[in-house]
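Some notes on the structure that comes next.
Derivation of every value follows stated rules applied to the coordinates shown; laboratory data play no part. Since we're looking at a predicted model, the values are computed, not measured. A quick note on method: Cβ atoms are made from the backbone with ideal geometry, for glycine too, and the neighbour counts reach across all protein chains shown.
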Amino acid sequence: MGIAIIVEIPGGTLEQYDRVNKAMGLADGKEAPPGMIVHFAGLAGDSLVVIDVWESREAYESHLAEIGEEGRAAVRKVGLPPYTHREFEVYNMVK
């Protein structure tokens, strides 16, 4: 069906999130990248949490290849703390 990505960034802030999105050209109401079904972000306790659902692993990997070093540089530039991510195949999704 698709793939869900959950990124949890202890100590991450909404300001850092906004700065990374702006650096990658994803701010200011820009449309989602091809293959992204939904994206949301917010704070949970002291962590920034970002959740994406993609149509397929291939769409997700294509996006990663497209943002490449530019995306990694944006994350380094804003000083995001180390983070983990989890992924799983979506079994069911209700819209």
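Miscellaneous remarks
- Once the chain from E70 to D18 is taken as fully extended at 0.36 nm per residue, the excess over their C-alpha distance is 17.2 nm.
- With Cα atoms, 0 to 90° folded angle of helix 57-78 axis to the chain main axis: 10 degrees
- Once the Cα atoms are used to define both axes, helix 14-23 deviates from the longest principal axis of the chain by about 80 degrees.
- About the Cα centre, charge dipole magnitude for the chain (Lys/Arg +1, Asp/Glu -1 at Cβ), debye: 200 debye
- Estimated from helical segments only, the mean residue ellipticity of the chain at 222 nm is -11000 deg cm²/dmol, where each DSSP H run of four or more residues counts as -39500 (n - 2.57).
- Label-zone membership for the range 1-23, site D46, 7 angstrom Cα→C-beta point, backbone N under 16 Å: 8-14
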